[in-house]
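Asks: Please find one structure pasted underneath; my questions will follow.
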Amino acid sequence: MNSILHEIPTMNPGKAPVRPHWLTGPCPPWCEAEHEARDARDDRRHMAYTGWVQLSLYDAAESVVEGEYQPETLGVAIEQHVENAAPTVILYQEDDDVRLTLAEAEQLRDRLNWVLEAAR
Ligand SMILES: [Zn+2]
């Protein structure tokens, strides 16, 4: 898989982007995070939100605007701390999340495929 360096904020406009000192290599191709030198050590993560599924079997959730409601969603994201060798797949709903290794995400995909094929 080819890695590309996406646009990273720079302190020298007009010149090539400067990587933060803690980012020793290019971002993985899926990373959509903007990294900065001031990022705390725990925040030094490659990140991408890949979308979400609207959940029709749940009650609507109250939004940040009091009295307004929106459908519940299940989000899918991928992240990788710069010190980790592999990314983590994250399923999240509101403040809860489930974190999966790539192998576990593949197992989940296989189980979902089995269920969908059996049910249709
Ligand atoms: Zn990145």
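Every number here is computed from the coordinates shown, using simple stated rules; none is lab data. No experiment lies behind these values; they were computed from the predicted model shown.
Asks: Which whole-number percent is the relative contact order of the chain (Cα, under 8 Å, 6+ apart)?
Replies: Once normalised by length, the contact order is 15 percent.
Asks: Rounded to the nearest whole Å³, what is the per residue volume of the convex hull around the Cα atoms of the chain? Could you put the intermediate results ahead of the total?
Replies: Values: hull volume 20.4 nm³, N = 120.
Looking at the chain, the number lands at 170 Å³ per residue.
Asks: Scale the Cα Rg of the range 79-120 by the rule-of-thumb value 2.2 N^0.38 Å and send over the ratio, two decimals. Mind showing how you got there, number by number?
Replies: Values: Rg = 13.1 Å, N = 42, 2.2 N^0.38 = 9.1 Å.
That works out to 1.44 for the range 79-120.
Asks: Please work out how much length the chain gains when fully extended from Asn113 to Thr101, using 0.36 nm per residue of separation minus the C-alpha to C-alpha distance, in nm with one decimal.
Replies: Fully extending the segment from Asn113 to Thr101 adds 2.5 nm.
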